[in-house]
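Report on the structure given below.
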Amino acid sequence: MANSTVGLLVLMVALLPVQQLAACPVLQSKLKLPAPELPLGLPAYARYGQSMKAQNRSRFFLGRALFFEKHLSRDLKISCASCHIPNRAYSDGKAVSEGVFGRRGTRNSPTLLNAAYQQSFLWDGRAPRMVAQIKLALSNQREMSADKKYIESNVVLRRKYQCAFRAIYGSDMSMALVADAIAYFTKWLVSGNSDFDQYLYGGDVHAISESAKTGFQLFIGKARCVICHVIRHPNNHPLGGQSALFTDFRFHNIGIGIGIGDNRKDPGRFAVTHSMDDMGKFKTPSLRNVDRTPPYMHDGSLKTLFEVVDFYNKGGKFNTNLDPALIPLRLSKREKFQLVAFLETLNGRCTKLMLQAGLCVKGRSGNTKGIGYDKQGRKKSR
Amino acid sequence: MIPRYLLGISVPFLLFHSSNFAHPYRYVDLGITSSEVTNRPAILIAWRNTHKIFEAEVQIRNFGEREGSGKVYMEILDEKGDVLMRRPEPGQEVKVTIPPASQGGKEGKIVQILGSKDANRLLDQLDREKAKYAIRATVLPLQGDVNDANNVSVRTYNTVTLAHASGTFFYPYYFKNTSSKMLSGKLSITATNIPKDWKIIPETKEISGVELKPGQMFQGHIMVETGTKVTEGQFLDLQFTLTDTKTQNVFDKREWYLVADNHPPEIRETDIDVNNKKGEINLQLVAHDKISGIAEASGVKIEYSTDGGITFSNKVATYIDGNFIKPTRFQALLGPFSPGASIDIWASVNDSAGNITRRKLKRVQFSRPQVTLSSP
């Protein structure tokens, strides 16, 4: 008798979180999420520890709900998704982002796709982890302006989410847990299996156009983009590899925002390290989905990919700390177009999970084999 | 005494307990193995940074079933095993976390260890003097490791590596006890697949009872005899591992790579851009060596003469992209030169086996500024 009573007790304790999870409205999604997949061209390590077991599934749905939650901002108008719009590859299409009460930020909103692979966050690498970056975004006066006290005492937020936090984390809602849930959700936003991945890793020689192939040769050759936008493949790297994140995770001064004639000076990485060597340096962004995330550079000052290529072709913008890799490239106009054609092949396809969860619009995954710019460097309409 | 009512759940609980807490890291196995491209240790000298400062890249893998973390550092050793330089400084090692083997651990991560200008100078000097040296990479597991044998890896440079038919090749190896304690060790010699008709002398695979006082050195040698015929591309990679028998940790390692490669490297394309205004020459070239690969570090040099080809200076070209076996791109910036200077430019490319290709690329004539005389 005693045995069976204790056994029942143990079973009840074990099932308690599952029961609680089911009782929270925000977690009551009927969506069946498929098993996680690893898109072609992405390294496996960021997927580690992520499976869609009950607890993780709930954390995912909580994170998703919070990602779109406008009550997390002081004016109730801004959510994470305001600056990281799913239809815009999780960027916002503006030069610099707009936060609460119409306050303009100072930097361009980067894509969240593949953020799981980042080694530091924000353009100057100020946040060592994603959770830290989310806390900064929540509390920044120009972004969501919601401090710890605001989040923990907000009645609407408590009513909607308290139950979920207690069920998942066994604790009341706090800024740290909000950031954790959003970070967990964000890690699922991956994008690979682009036309270029099909070409390089999938062995499909017809996956990209001839001009894009030439653009790729320029990328790893004459234009030397690959020095910072790293590709791992047995042909490109002595240690081999089957993935490309198109970043070296380092910081470089290319002259934007610090060069002669710039009105808005931004010290970049210097603000973090206080080392003059880091003056005007910003993190190398990944190039995946770059075609879908204009405008470009940390201040959004370049509107098209053609302008970006043209900028590098001129050797960047002179300043005393300009990266030595930046020298005039002598690319012809045709070569610039070919380089752009290659960059357009980096648009990833949606994962099944992202499609199922409504986080990716089918058809927007990109299948751009041709040149998307006219001869004047203007974007062609599709 | 376990209460009776707990008996029903105690067995699975204890099983869980023993596998998760008593030996929490029994399934972590961090290691540095070999490159999938070259079959040599997965250590690489490259300048994959825009400032072109030497850096070593090391591939760390995890063959265990659990996530493992470790600290990575590398050392530049001389032939005798003395440490000439260590990067990063002690206490600043690069921390790396690798997921379990089945979830990306086998693929591993490449750890970049940025050198310094001093490290650059040191390697440049060693290469210019053709001195034998080695890069030793170590991953120190933070939680314990089921297999300590693969935590240290060494790749040697400037050793004799070119094998030909009916040859006898000799490699002396040295191990020095650089610690302050007595070392009791065991030396094991392992080899990749030995090519047919190649013979390793002596055939000993293990030498036990190596006792070294602090500062004392152990010296040995090994010979390889090749057959009457060798096929281009046949190679042998020998690893000499001295293990501390008290701790079972690898104390030190050496590597000897021997390859039948009688094809000199090829220079495929060059692109020379002359900046008359600055007096600079920006040069890119693509080279490849399909058997032993272009030598890392100083494998590609741009030689230039300012006296019509009588004497030459050289500049090491730095790596941009490629795998050293297939077409690989390098770059160099020469100058500034004075107006009117005439520069003969040659490229010199050597492979890991020691074959060299030299080729004249171009004569660059810088223009003199036009002097206009104005009447008084």
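Laboratory data are not the source of any read-out in this text; all were calculated from the coordinates shown. In this text the structure is predicted, and so the values were computed from the model without any measurement. Cβ coordinates were reconstructed from backbone atoms using ideal geometry, including for glycine residues, and neighbour counts include every protein chain displayed.
With label points built 7 Å along Cα→Cβ from the Cα atoms of B:Thr245 and B:Val83, find their separation and express it in nm.
2.6 nm
Counting partner chain Cβ atoms within 10 Å of every residue's Cβ in B:99-107, what's the average?
The mean count of partner-chain Cβ atoms within 10 Å per residue comes to 4.
For the stretch B:116-181, what is the charge dipole size about the Cα centre, in debye to the nearest 20, if Lys and Arg each add +1 at the Cβ and Asp and Glu each add -1 at the Cβ?
Taking the Cα centre of the stretch B:116-181 as origin, the dipole is about 200 debye.
Tabulate in residue order the Karplus-calculated ³J(HN,Hα) for the stretch A:208-220, using 6.51 cos²θ - 1.76 cosθ + 1.60 with θ = phi - 60°, rounded to whole Hz; enter x for Gly and Pro.
10, 6, 5, 5, 5, 5, 5, x, 5, 4, 5, 4, 8
Check the cysteines of the protein assembly as shown one by one and keep only those with no other cysteine Cβ under 4.7 Å from their own.
A:Cys80, A:Cys83, A:Cys225, A:Cys228
Take chain B, connect every pair of alpha-carbon atoms lying under 10 Å apart with a spring to form a Gaussian network, then pick out the residue of B:Lys109, B:Lys246, B:Lys290 with the largest mean-square fluctuation.
Judging by the Gaussian network model, the answer is B:Lys246.
How would B:Asp148, A:Asp204, A:Asp291 line up from fewest to most surrounding beta-carbon atoms within 10 angstrom?
By the 10 Å Cβ count, ascending, the order reads A:Asp204, B:Asp148, A:Asp291.
Can you give the net charge of the other residues whose Cβ lies under 12 Å from the Cβ of B:Arg86, counting K and R as +1 and D and E as -1?
Taking every Cβ under 12 Å from that of B:Arg86, the sum is -3.
For A:Arg126, what is the net charge nearby, where nearby means another residue's Cβ is under 13 Å from its Cβ and Lys, Arg count +1, Asp, Glu -1?
+3
So, in Å, what gap is there between the alpha-carbon centers of the stretch B:258-325 and the stretch A:106-140?
The two parts, judged by their Cα centres, are 40 Å apart.
Once both labels are modelled 7 Å past Cα along the beta-carbon direction, what's the B:Ser313-B:Lys199 spacing in nm?
Between B:Ser313 and B:Lys199, the label points sit 5.2 nm apart.
Give the Kirkwood hydrodynamic radius (Å, one decimal) of chain B, defined as one over the mean of 1/r across all pairs of different Cα atoms.
23.5 Å
Treating the angle as unsigned and between 0 and 90°, give the value, to the nearest 10°, between the Cα long axis of helix B:117-128 and the longest Cα principal axis of chain B.
Long axis of B:117-128 versus the principal axis of chain B: about 70 degrees.
Taking each residue of B:34-45 in turn, how many C-beta atoms of other protein chains fall within 10 Å of its C-beta, and what is the average?
3
So if we plug the beta-carbon distance of B:Ser374 and B:Ser342 into 1/(1 + (r/R0)^6) with R0 = 22 Å, what FRET efficiency do we get, rounded to 0.05?
For R0 = 22 Å, the calculated efficiency reads 0.15.
Give me the distance in nm between label points sitting 7 Å out from Cα along the Cα-to-Cβ direction at A:Glu37 and B:Ser116, one decimal.
With each label placed 7 Å out from Cα toward Cβ, I get 4.9 nm.
When the helices in the protein assembly as shown are scored as -39500 (n - 2.57) per DSSP H run of 4 or longer and the sum is shared across all residues, what 222 nm value do you end up with, to the nearest 500 deg cm²/dmol?
So the calculated ellipticity at 222 nm is -6000 deg cm²/dmol.
Quick check: Cα centre of the stretch B:123-196 to Cα centre of the stretch B:215-251, how many Å?
Taking the Cα centre of the stretch B:215-251 as reference, the centre of the stretch B:123-196 is 7 Å away.
Please report A:Met130, A:Met276 as a ranked list, fewest other C-beta atoms within 10 angstrom at the top and most at the bottom.
A:Met276, A:Met130
Give me the extension gain from B:Glu269 to B:Arg363: residue separation times 0.36 nm, minus the current Cα-Cα distance, reported in nm with one decimal.
Difference between extended and current length: 32.2 nm.
Full extension from B:Lys130 to B:Ile207: what is 0.36 nm times the residue separation minus their Cα-Cα distance, to one decimal in nm?
24.7 nm
Could you tell me the distance between the Cα centroids of the stretch B:347-376 and the stretch A:199-214, to the nearest Å?
37 Å
Please list, in order along the stretch A:82-99, the HN-Hα scalar couplings obtained from phi with the Karplus expression 6.51 cos²θ - 1.76 cosθ + 1.60 (θ = phi - 60°), rounded to whole Hz, x for Gly and Pro.
My calculation for the stretch A:82-99 gives 5, 9, 10, 7, x, 5, 10, 6, 6, 10, 10, x, 9, 4, 10, 6, 10, x Hz in order.
Between B:Ile98, B:Ile272, B:Ile113, where does the largest GNM mean-square fluctuation fall for chain B, given springs only between Cα atoms within less than 10 Å?
The residue with the greatest mean-square fluctuation here is B:Ile272.
In degrees between 0 and 90, to the nearest 10, how far off the longest principal axis of chain B does helix B:7-17 point, with axes built from Cα atoms?
In chain B, helix B:7-17 runs at an angle near 20 degrees to the longest axis.
Please report, in debye to the nearest 20, how large the charge dipole of chain B is about its Cα centre when each Lys and Arg carries +1 at its beta carbon and each Asp and Glu carries -1 there.
Here the size comes out at about 400 debye.
Once you list every other residue whose beta carbon is under 9 Å from the beta carbon of A:Gly41, what net charge do they have if Lys and Arg are +1 and Asp and Glu are -1?
Taking every other residue near A:Gly41 into account, the sum is 0.
If I take R0 = 22 Å and measure r between the Cβ atoms of B:Asn147 and B:Ser179 in this structure, what FRET efficiency does the formula 1/(1 + (r/R0)^6) give, to the nearest 0.05?
Given R0 = 22 Å and the Cβ-Cβ separation, E is 0.50.
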